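Here the structure comes first, spelled out in structure tokens, and everything after it is commentary.
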Amino acid sequence: GGSSLKAALDKSRYDKEKFLSALIELNGAFETVRNLIVAPVAKECGIIQMKITRNTSGFNKFHPKYVLSLCVTGRNDELIERDILVGKKRPGNRTANYLISMDIKNPK
């Protein structure tokens, strides 16, 4: 469950390969993902590559959707991306207000 995954991540925090592979294998474990977003990464892991993608297609034309993804190079040099957060501009506000969610498919 979520607690065993959290324990595995805590143990792997100082080994970059193990840490990143554990991050990629997360399957909706909300508390674990949230803890990883707000907790600092150990110095031993070095730099973690993230990417922000802006989606302005279709209904997102005037209210773009932003996705924060973790980027990891796999064993065969393939790039693996795991979406972590999504941000969407809220319609009807004069100032820029954004909804930030961990539910990538249906941000509410």
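The values are calculated or read from the model by the stated rules, or taken from the named source; none is laboratory data. No experiment lies behind these values; they were computed from the predicted model shown. FYI the Cβ positions are ideal-geometry reconstructions off the backbone, even for glycines, and counts take in every protein chain you see. Quick note on the areas: whole protein, heavy atoms, side chains included, nothing else; ligands and nucleic acids left out. Shrake-Rupley method; radii C 1.70, N 1.55, O 1.52, S 1.80 Å.
Put Glu17, Glu31 in order of accessible area, highest first, and with a 1.4 Å probe you get Glu17, Glu31.
For the set Thr73, Thr53, solvent exposure ranked by accessible area (probe 1.4 Å, protein chains only) runs largest to smallest as Thr73, Thr53. Taking amide H atoms as placed 1.01 Å from N in the peptide plane, the amide H of Ile80 lies under 5 Å from those of Val72, Thr73, Gly74, each 5 or more residues away in sequence or on another chain. Taking amide H positions as modeled 1.01 Å from N, with prolines and chain starts lacking one, the residues under 5 Å from Gln49 and 5 or more places away or on another chain are Cys71. Karplus-derived 3J(HN,Hα) values for the range 68-73, using 6.51 cos²θ - 1.76 cosθ + 1.60 with θ = phi - 60°, are 8, 10, 8, 10, 10, 8 Hz; glycine and proline are entered as x. Each peptide in 65-72, 38-45, 85-92 receives the mean, over its residues, of other Cβ atoms within 10 Å, and ordering these scores from highest gives 65-72, 85-92, 38-45. Full extension of the segment from Ser21 to Ile48, taken as 0.36 nm per residue of separation minus the current Cα-Cα distance, would add 8.5 nm.
A Förster radius of 25 Å combined with the Cβ-Cβ distance from Lys105 to Phe62 puts the calculated FRET efficiency at roughly 0.75.
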